[in-house]
1. State which residue pairs qualify: first residue more than 13 Å from residue 83 (Cα to Cα) and inside the stretch 104-127, second residue part of a loop (DSSP other than H, G, I, E, B) in any location, beta carbons under 6 Å apart, and separation of 6 or more residues or different chains.
2. In this structure, is residue 156 under 20 Å from residue 217 (Cα atoms), out of contact with any strand residue (DSSP E or B) (no Cβ under 6 Å at 6 or more places or on another chain), outside any helix (DSSP H, G or I) and modelled with pLDDT of 75 or more?
3. Is there a residue being touching a strand residue (DSSP E or B) at 6+ places or on another chain (Cβ under 8 Å) and part of a helix (DSSP H, G or I) anywhere in the stretch 52-59?
4. Find the helices (runs of 4 or more DSSP H) located wholly in the stretch 172-231 whose residues include 1 or more that are assigned by TED's automatic domain parsing to the domain that holds residue 141 and touching a residue at least 40 places away in the same chain (Cβ under 8 Å), and list them.
5. Do the conditions hold for residue 76, that is, is it in contact with a strand residue (DSSP E or B) (Cβ under 9 Å, 6 or more places away or on another chain) and assigned to a strand (DSSP E or B)?
């Protein structure tokens with residue numbers, strides 16, 4: 001994870017965080033019952049775990065401390081120039097879900113600077129029904145499996161597979177209308193896929209009639225192993241000489 005500062009010792013984080021909390025009226029002590037820092041004020045407690053790197057071990061340690069106090073923070077060196085990176089946005093989101101606070105300590109000025117990035121507030125875990133439906137649709141509409149973790153190759157999504165099905169129908173039977181393609185089994189989204197032409201595989205050759213471009217033929221060659229399964233989903237056109245409009 002991010003937040004790496006190999007030239008710093010964890011003990012260097014203690015004094016700035018201690019002084020910051022003391023200025024807020026907390027009574028602060030270090031190394032209390034295995035906690036790096038513990039602070040109390042009017043019967044409330046705060047626990048802070050100090051680390052040079054925000055990693056899985058630190059997160060596990062912070063979650064374990066939640067058995068003692070509802071207010072647990074992790075304190076790490078401020079990531080120089082990376083605080084708005086996608087990686088750090090993801091880490092902050094993870095900390096919110098774990099209900100763990102985040103403190104950054106910067107040593108770039110004359111005096112160390114402490115910034116409380118997030119407090120350990122209760123997290124309302126809302127699910128996106130729309131995203132879940134999209135995921136279910138994507139899983140159910142893919143004919144082949146793509147190994148997880150593969151990088152550097154175009155992902156064979158359900159949308160791309162649908163476009164390949166249309167391309168195959170055009171390659172086998174020549175220019176067709178969306179209605180004719182749907183009758184062959186090309187699917188209900190045929191019209192929008194042809195119109196949007198996301199991959200540049202199709203061209204309109206007449207009123208409501210589409211043909212396959214060379215780029216589409218090349219795509220079919222690239223996915224040759226998938227073609228038998230796609231062809232099994234197609235039926236013969238109603239008329240080769242008079243495409244349906």
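The values are calculated or read from the model by the stated rules, or taken from the named source; none is laboratory data. For clarity, every value in this text was computed on a predicted model and none was experimentally measured. Cβ: placed from backbone, ideal geometry, glycine included. Neighbour counts: every protein chain shown.
1. Close Cβ pairs satisfying both conditions: 120/71; 120/99; 120/100; 123/99.
2. Numbers: under 20 Å from residue 217 (Cα atoms): yes; out of contact with any strand residue (DSSP E or B) (no Cβ under 6 Å at 6 or more places or on another chain): yes; outside any helix (DSSP H, G or I): yes; modelled with pLDDT of 75 or more: yes.
The answer is yes for residue 156.
3. Yes: the stretch 52-59 contains one or more residues that are touching a strand residue (DSSP E or B) at 6+ places or on another chain (Cβ under 8 Å) and part of a helix (DSSP H, G or I).
4. It comes to 178-184, 214-222, 227-231.
5. Yes, satisfied.
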